[in-house]
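Participant: Shown below is the structure under consideration.
Just so it is clear, none of the values below were taken in a lab; they were calculated from the coordinates. Quick caveat, the model's predicted, so the values are computed rather than measured. When we count neighbours, we look across all protein chains shown, and the Cβ atoms used for this are built from the backbone with ideal geometry, even at glycine.
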Amino acid sequence: MRTGPGPQGVITIALTPDPAQGADPLADAIDARQTNRSRYDATPVPEELLQGILEQGCAEPGIALQAWSLGSAPFERLSDYIQQGNAIQMRDAAFKQELLQWIRFNAGQARSSRNGISHAALGAPSLPAWISRPIVRHALDPVRQNRSDAQRLRSASHLILIGSHEDSIPAWVATGRSLQRLLLRLTSAGIAHSYLNPPCEVPALRQRLAAEPWVQAQPQILLRIGHAKRLPASWRKPIEAVLYQAA
């Protein structure tokens, strides 16, 4: 892999066939992996199991994975950061508009777009968009969001923070690789996950979080994990629709 110039960068990946390379057992978890935004059942993930997952080669060089259990001081502090982030983002009209654009309000929208967040994954009924959209828009406010996230946090087992020692395009790529390995290992172990990322997305909060003495690296991704029933899967495009091969 190499990165190119420009404000957004260009990532080029070269693949070389290797007959000696066997199938990665993590590949079996790809179809099962999903973001589960529901409340979890509050069953703790055993510490030895979680530490084993974190130590199984998930992290790329320069990436730090840290986990804190429900009730620990960092968990409570992160919960406060999440609430502050929600208060900022839920007052940002542009942020809420983009969020609405990614929600698929009914089965027809989900099936035709094959992307975004389906109504079923949110636990909502399939309704015409002209009915659902105003309801969801009205629900996107700091008080409601913080109330919902507080319930989700109380039902979780741990929060996991993925950080990078550098804040650069290569570090972001390494963060993504580490994230995907982690999610697949969690999925293989029957552990649910979802994102609670406002502290990493709001610049002022991210800067403050990075300065906390218990944070090892620049915050990139914040995850909630625990045990939960699976949700209906969101539609996704087939790989043939997004894969382009050079001539």
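Participant: Can you give the FRET efficiency to the nearest 0.05 for residue 124 and residue 29, using r as the Cβ-Cβ distance and R₀ = 35 Å?
Facilitator: 0.85
Participant: Rank 145, 97, 216 by mean-square fluctuation in a GNM of the chain with C-alpha springs under 10 angstrom and give only the top-ranked residue.
Facilitator: It is 97.
Participant: For region 78-112, which chymotrypsin sites (Phe, Trp or Tyr not before Pro) pass both filters: DSSP loop (anything but H, G, I, E, B) and at most 13 other C-beta atoms within 10 Å? The partial results should precede the final answer.
Facilitator: Values: sites: 81, 95, 102, 105; in loops: 102, 105.
Within region 78-112, the qualifying chymotrypsin sites (Phe, Trp or Tyr not before Pro) (loop, at most 13 other Cβ atoms within 10 Å) are 102.
Participant: Can you give the relative contact order of region 93-140 as a percent, counting alpha carbon pairs under 8 Å and 6+ residues apart?
Facilitator: 37
Participant: Give the peptides 115-121, 20-26 in descending order of average Cβ contacts within 10 Å, highest first. Spell out each step's value before the answer.
Facilitator: Numbers: 115-121: 19.1, 20-26: 9.1.
Most protected by this proxy first, the peptides run 115-121, 20-26.
Participant: Would you calculate, for the chain, the mean residue ellipticity at 222 nm contributed by helices, counting each DSSP H stretch of 4 or more residues as -39,500 (n - 2.57) and dividing by all residues, to the nearest 500?
Facilitator: So the calculated ellipticity at 222 nm is -12000 deg cm²/dmol.
Participant: As a test of the definition: which semi-axes, in Å, follow for the chain when you take the square root of five times each eigenvalue of its alpha carbon gyration tensor? Largest first, please.
Facilitator: So the three semi-axes of the chain are 27, 25, 20 Å.
Participant: Here is a follow-up. Dividing the Cα convex hull volume of region 49-143 by residue count, how many Å³ per residue is that?
Facilitator: On the way: hull volume 17.2 nm³, N = 95.
For region 49-143, the hull spanned by Cα atoms encloses 181 Å³ per residue.
Participant: Now for a different question. Grab the beta carbon distance between residue 20 and residue 188, set R0 = 30 Å, and tell me the FRET efficiency rounded to 0.05.
Facilitator: After rounding, the FRET efficiency stands at 0.80.
Participant: Separation of region 30-66 and region 174-194 by C-alpha centroid, Å?
Facilitator: Region 30-66 and region 174-194 have Cα centres separated by 6 Å.
Participant: Which net charge results for the neighbourhood of residue 141, defined as the other residues with beta-carbon distances under 14 angstrom from its beta-carbon, given Lys and Arg at +1 and Asp and Glu at -1?
Facilitator: Cβ neighbours under 14 Å give a net charge of +3.
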